[in-house]
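J.: This is the structure, below, for whatever I ask next.
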2 protein chains.
Amino acid sequence: MFKKYYLLSPGPTPLPEEVLSIAAQPIIHHRTPEFSALFLEVVEGLKYVFGTKEDVHLFTSSGTGAMEAALVNILSPGDKILVINAGKFGERWGHIGRAYGLQVQEVVLDWGRDFTKEQLQAELRANPEVKAIFCSLSETSTGAAYDVQGYAQVVAQTAAILVVDGISGLGAMPCPMDEWRVDVLVSASQKSFLIPPGLSYIALSPKAWKMVETSKLPKFYFDLKKSKKNLADRTTPWTPAISLVVQQKKALERIKSMGLENLIEHHRILAEATRAGIKALGLELLAKRPGNVLTAVKVPAGLDGKALVKTMQGKYLAYIAGGQDPYKGKIFRIAHLGYMGGFDIITALSALEMTLSDLDYSFEKGSGLRAAQAILKENWK
Amino acid sequence: MFKKYYLLSPGPTPLPEEVLSIAAQPIIHHRTPEFSALFLEVVEGLKYVFGTKEDVHLFTSSGTGAMEAALVNILSPGDKILVINAGKFGERWGHIGRAYGLQVQEVVLDWGRDFTKEQLQAELRANPEVKAIFCSLSETSTGAAYDVQGYAQVVAQTAAILVVDGISGLGAMPCPMDEWRVDVLVSASQKSFLIPPGLSYIALSPKAWKMVETSKLPKFYFDLKKSKKNLADRTTPWTPAISLVVQQKKALERIKSMGLENLIEHHRILAEATRAGIKALGLELLAKRPGNVLTAVKVPAGLDGKALVKTMQGKYLAYIAGGQDPYKGKIFRIAHLGYMGGFDIITALSALEMTLSDLDYSFEKGSGLRAAQAILKENWK
């Protein structure tokens with residue numbers, strides 16, 4: 001049989017053909033009116049997805065670069081921050097904070113557990129000196145979604161700011177920055193933005209920009225004041241990844257013509273169908289409050305989780321993600337993110353059913369497919 | 001007439017067709033054996049171009065990101081550094097150093113002026129507490145080349161290390177890192193590496209790695225210890241710009257089959273032909289010691305430098321670069337970097353002759369073309 005490769009990972013994600021092919025065009029120079037016009041169109045499109053009137057700044061980096069930018073541009077040495085660590089990416093906020101000599105107060109949750117806005121309120125009352133709260137919209141290591149809207153309500157009552165990692169979540173789940181009063185929102189290109197990895201995005205509320213004025217942590221490449229000054233001149237401080245910016249323009253056209261609400265609804269349907277399939281197979285989700293980005297599934301007792309991922313990837317070329325760190329071998333993650341269609345969920349579940357059969361797991365063959373198909377059919381539009 | 005666009009800038013540069021088209025292939029996942037194999041092949045190819053047995057580390061960033069990485073990974077707060085500032089990019093070393101609270105001792109040269117190894121030796125004798133010296137192989141704002149081999153001889157006699165910005169120079173001019181005893185060498189993808197902007201590269205000597213062990217400047221995204229640990233696991237700490245890495249593999253195949261010596265010789269010939277054309281037109285170079293990367297030309301008295309660049313770009317679509325900062329309107333820069341052929345130099349000079357005619361500059365028509373062509377013909381192989 002032909003070896004066809006299926007990307008089912010939470011970044012990189014599958015891309016529309018017209019976004020792929022535009023990368024093969026000759027590179028234009030970035031200090032030209034042509035590129036400036038294209039760049040500003042991208043910034044406008046990003047503002048639309050971020051749900052903000054503020055400018056969205058662009059870095060050539062992975063999402064982690066924009067996370068670092070969020071932190072180094074608003075804080076000063078010795079500042080205290082509160083990190084909601086609910087998985088590998090929440091944990092990263094703490095790592096960055098400590099690397100820059102901040103006092104990191106960390107709420108460490110078991111992976112997949114929820115954290116309510118009331119719990120956040122209690123934490124902030126106990127730690128009134130906290131300058132910024134760092135959380136995730138979608139924790140990519142667990143598939144859990146967090147109540148960013150609720151957190152923002154709590155934080156808006158204080159002098160602190162709320163910084164949200166929307167790297168995998170933005171575009172797949174609602175997070176209208178201005179409406180919800182999120183102060184700093186970070187994302188990256190290889191998720192629902194429909195382009196390859198290499199660009200990261202960040203926007204700040206006026207309240208957060210005020211902190212930028214007094215921030216004393218060192219920065220250069222990720223300096224947002226420089227980016228702001230250059231954006232006013234219709235450019236970026238450093239040579240950007242031009243081909244990716246060109247791809248982002250093309251992909252944003254598609255997102256705008258579909259509409260952000262429909263993009264989010266699309267991801268909701270795929271997520272619901274995937275969960276229905278997983279549950280029909282007798283498998284259990286890791287996240288108490290699963291989001292639209294990916295479905296993390298507990299490896300059932302008696303099954304070898306590493307063999308499961310290896311079979312999915314090696315035999316069926318279905319590139320789901322395994323578990324990270326403490327959950328290596330204990331969970332697997334099926335992403336429903338980016339340019340996927342409904343039938344990609346059927347493909348994912350079929351590969352999973354075949355793999356489970358290979359591993360002698362006992363289940364009703366086709367039950368996962370049937371359950372997912374029912375949800376897709378019901379929601380098809 | 002068809003509007004054909006000619007990229008004559010010192011980054012981005014023209015790319016081979018097979019490097020452009022490979023960017024249109026579907027994105028593969030970066031945590032797979034397939035990507036690891038490809039990534040390690042890229043690292044090997046980069047080591048070849050760097051002329052080093054040490055690993056070359058890759059960041060998703062512009063070249064400035066790798067410059068920042070060079071500085072934050074080897075130094076500690078309050079350390080004294082010596083910067084050879086011979087233009088906009090030399091100046092940047094000082095900006096980064098000050099952003100991170102270092103004591104920056106700066107040698108400020110008039111743009112285009114040379115700096116000898118004897119002068120460096122005198123500076124180091126006067127400032128024995130200097131921990132690192134920062135210079136450029138090719139100063140992109142002026143086209144000047146610097147005696148990195150000589151600097152390295154001087155610095156090797158001290159406890160300090162030599163950090164070289166090879167962003168535009170590496171691949172176009174000799175800089176065999178191990179042979180010359182350069183301690184830190186930085187480069188970027190959109191120059192002679194034949195791919196779009198978005199990746200930056202850095203390698204360190206064992207002497208520099210020792211300083212990494214004691215460095216106390218804060219870093220996270222650009223942390224080389226993390227990169228080293230991940231490279232041992234055949235991967236990168238953060239999601240890389242996958243499509244650019246795939247392009248770099250393709251471009252390195254071309255570089256390896258041509259041979260690094262031939263790549264450098266190619267750039268030398270184009271540079272010599274360009275300079276011959278410029279001189280035949282009665283124009284003057286900015287750099288005392290011009291390199292192979294670009295030719296910076298003084299705008300002759302009575303001519304409007306901004307109009308010259310605007311006509312070249314707007315009427316003839318020949319995207320040369322203007323002057324930067326104090327030299328805006330006073331120089332223009334013709335790059336001969338990346339995937340250019342001999343006839344691209346003829347094109348550049350023809351566009352320049354037509355532009356000079358438009359601006360009523362008095363010269364013998366065709367004299368620039370004839371002079372360049374003679375050099376190209378003589379060296380053709």
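J.: For segment A:371-380, what are the residues that are surrounded by 14 or more Cβ atoms within 10 Å (Cβ to Cβ) and either over 30 Å from A:GLY87 (Cα atoms) or more than 27 Å from the chain's Cα centre (by Cα) (or both)?
T.: A:GLN373, A:ALA374, A:ASN379
J.: Which of the residues spanning segment B:311-347 are in a helix (DSSP H, G or I) and over 26 Å from B:ALA86 (Cα atoms)?
T.: B:THR311, B:MET312, B:GLN313, B:GLY314, B:GLY342, B:PHE343, B:ASP344, B:ILE345, B:ILE346, B:THR347
J.: If we scan segment A:149-164, do we find a residue that is in contact (Cβ under 8 Å) with a residue 60 or more places away in the chain, within 14 Å of another protein chain (Cβ to nearest Cβ), of a type outside the set (Phe, Trp, Tyr) and buried (at least 24 other Cβ atoms within 10 Å of the Cβ)?
T.: no
J.: For segment B:58-65, indicate whether the set of residues that are more than 9 Å from chain A (Cβ to nearest Cβ) and either surrounded by fewer than 22 Cβ atoms within 10 Å (Cβ to Cβ) or outside any helix (DSSP H, G or I) (or both) is non-empty.
T.: yes
J.: Moving on. When you scan segment A:237-266, how many residues do you find that are at positive phi and within 14 Å of chain B (Cβ to nearest Cβ)?
T.: 0
J.: Also: For A:GLN25, all conditions in the list (1) more than 10 Å from every other protein chain (Cβ to nearest Cβ); (2) over 17 Å from A:LEU231 (Cα atoms) hold save one; what is the number of the exception?
T.: A:GLN25 satisfies every listed condition except (1).
J.: If A:GLY90 satisfies every condition in (1) under 25 Å from B:GLY65 (Cα atoms); (2) crowded, with 24+ Cβ neighbours inside 10 Å; (3) facing another protein chain (nearest Cβ under 10 Å); (4) touching a strand residue (DSSP E or B) at 6+ places or on another chain (Cβ under 9 Å) but one, which is the exception?
T.: Only one criterion is unmet by A:GLY90, namely (3).
J.: So, one more: Which condition number in (1) loosely packed, with under 15 Cβ neighbours inside 10 Å; (2) of a type in the set (A, V, I, L, M, F, W, C); (3) within 14 Å of chain B (Cβ to nearest Cβ) is the one that A:ALA301 fails?
T.: Going through (1) loosely packed, with under 15 Cβ neighbours inside 10 Å; (2) of a type in the set (A, V, I, L, M, F, W, C); (3) within 14 Å of chain B (Cβ to nearest Cβ) one by one, A:ALA301 breaks only (3).
J.: Within the bounds of segment B:24-44, is there any residue that is surrounded by fewer than 24 Cβ atoms within 10 Å (Cβ to Cβ), closer than 27 Å to B:GLY291 by Cα and not β-branched (Val, Ile, Thr)?
T.: Yes, because at least one residue in segment B:24-44 is surrounded by fewer than 24 Cβ atoms within 10 Å (Cβ to Cβ), closer than 27 Å to B:GLY291 by Cα and not β-branched (Val, Ile, Thr).
J.: State whether one or more residues within segment A:230-240 are hydrophobic (A, V, I, L, M, F, W, C) and in contact with a Gly (Cβ under 7 Å, 6 or more places away or on another chain).
T.: Within segment A:230-240, none of the residues are hydrophobic (A, V, I, L, M, F, W, C) and in contact with a Gly (Cβ under 7 Å, 6 or more places away or on another chain).
J.: Within segment B:254-279, count every residue that is farther than 20 Å from B:GLY166 by Cα, in contact with a Gly (Cβ under 8 Å, 6 or more places away or on another chain) and surrounded by fewer than 20 Cβ atoms within 10 Å (Cβ to Cβ).
T.: 0
J.: Could you identify the single residue in A:GLY322, A:GLY291 that is over 17 Å from A:ALA372 (Cβ atoms), surrounded by fewer than 24 Cβ atoms within 10 Å (Cβ to Cβ) and not assigned by TED's automatic domain parsing to the domain that holds A:PHE50?
T.: Answer to the selection: A:GLY322.
J.: Being out of contact with any helix residue (DSSP H, G or I) (no Cβ under 8 Å at 6 or more places or on another chain) and of a type in the set (Gly, Ala, Ser) is the filter; apply it to segment A:12-40 and report the residue that is farthest from B:SER189 (Cα to Cα).
T.: Filtering first and then ranking leaves A:ALA37.
J.: Any residue at all in segment A:256-272 that is under 15 Å from A:ALA335 (Cα atoms) and among the small types (Gly, Ala, Ser)?
T.: Within segment A:256-272 (the criterion being under 15 Å from A:ALA335 (Cα atoms) and among the small types (Gly, Ala, Ser)), the answer is yes, since at least one residue qualifies.
J.: Restricting to segment A:207-220, give me the number of residues that are within 30 Å of B:ILE242 (Cα to Cα) and either touching a strand residue (DSSP E or B) at 6+ places or on another chain (Cβ under 7 Å) or free of Cβ contacts under 8 Å to residues at least 40 places away in the same chain (or both).
T.: So the answer is 1.
J.: Could I ask something else about it? Using the structure shown, decide if B:ASP178 is of a type outside the set (A, V, I, L, M), buried (at least 17 other Cβ atoms within 10 Å of the Cβ) and touching a Ser or Thr at 6+ places or on another chain (Cβ under 7 Å).
T.: For B:ASP178, the condition - of a type outside the set (A, V, I, L, M), buried (at least 17 other Cβ atoms within 10 Å of the Cβ) and touching a Ser or Thr at 6+ places or on another chain (Cβ under 7 Å) - is not met.
J.: Would you please list the contacts, defined by Cβ atoms under 9 Å and residues six or more apart or on different chains, that run from a residue in segment B:1-28 that is on the phi > 0 side of the Ramachandran plot to a residue that is of a type in the set (A, V, I, L, M) and buried (at least 16 other Cβ atoms within 10 Å of the Cβ)?
T.: B:GLY11/B:ILE167; B:GLY11/B:ALA188; B:GLY11/B:ALA335; B:GLY11/B:LEU337
J.: In the set B:LEU283, B:LEU369, which member is touching a strand residue (DSSP E or B) at 6+ places or on another chain (Cβ under 7 Å) and either over 29 Å from A:TRP238 (Cβ atoms) or of a type in the set (Asp, Glu) (or both)?
T.: Residue meeting the stated conditions: B:LEU283.
J.: Which numbered condition in (1) more than 30 Å from B:ILE133 (Cβ to Cβ); (2) crowded, with 16+ Cβ neighbours inside 10 Å is the only one that B:PHE2 fails?
T.: (2)
J.: Also: Select, from B:GLY87, B:GLY150, the only residue that is modelled with pLDDT of 95 or more and in contact with a Ser or Thr (Cβ under 6 Å, 6 or more places away or on another chain).
T.: That would be B:GLY87, the only listed residue that is modelled with pLDDT of 95 or more and in contact with a Ser or Thr (Cβ under 6 Å, 6 or more places away or on another chain).
J.: To continue, here is another question. Which residues, counting only those in segment A:125-143, are buried (at least 17 other Cβ atoms within 10 Å of the Cβ), more than 14 Å from chain B (Cβ to nearest Cβ) and either touching an Asp or Glu at 6+ places or on another chain (Cβ under 8 Å) or of a type outside the set (S, T, N, Q) (or both)?
T.: Across segment A:125-143, the qualifying residues are A:VAL130, A:LYS131, A:ALA132, A:ILE133, A:CYS135, A:SER136, A:LEU137, A:GLU139, A:GLY143.
J.: Same structure, new question: Looking at (1) away from chain B (no Cβ under 14 Å); (2) surrounded by 22 or more Cβ atoms within 10 Å (Cβ to Cβ), can you tell me which one A:LEU15 breaks?
T.: (1) is the only condition that A:LEU15 fails.
J.: Report yes if B:LYS219 is of a type in the set (D, E, K, R) and under 30 Å from A:ALA24 (Cβ atoms), otherwise no.
T.: no
J.: For segment B:212-226, what are the residues that are within 27 Å of B:GLY171 (Cα to Cα) and away from chain A (no Cβ under 14 Å)?
T.: Hit for segment B:212-226 is B:VAL212, nothing else.
J.: Please determine whether any residue of segment A:39-53 is at the interface with chain B (Cβ under 10 Å from one of its Cβ atoms), modelled with pLDDT of 95 or more, more than 16 Å from the chain's Cα centre (by Cα) and more than 27 Å from A:LEU270 (Cβ to Cβ).
T.: No, segment A:39-53 contains no residue that is at the interface with chain B (Cβ under 10 Å from one of its Cβ atoms), modelled with pLDDT of 95 or more, more than 16 Å from the chain's Cα centre (by Cα) and more than 27 Å from A:LEU270 (Cβ to Cβ).
The values are calculated or read from the model by the stated rules, or taken from the named source; none is laboratory data. All values reported here derive from a predicted model rather than from experimental measurement. With ideal geometry, Cβ positions are generated from the backbone for all residues, glycine too; neighbour counts draw on all protein chains shown.
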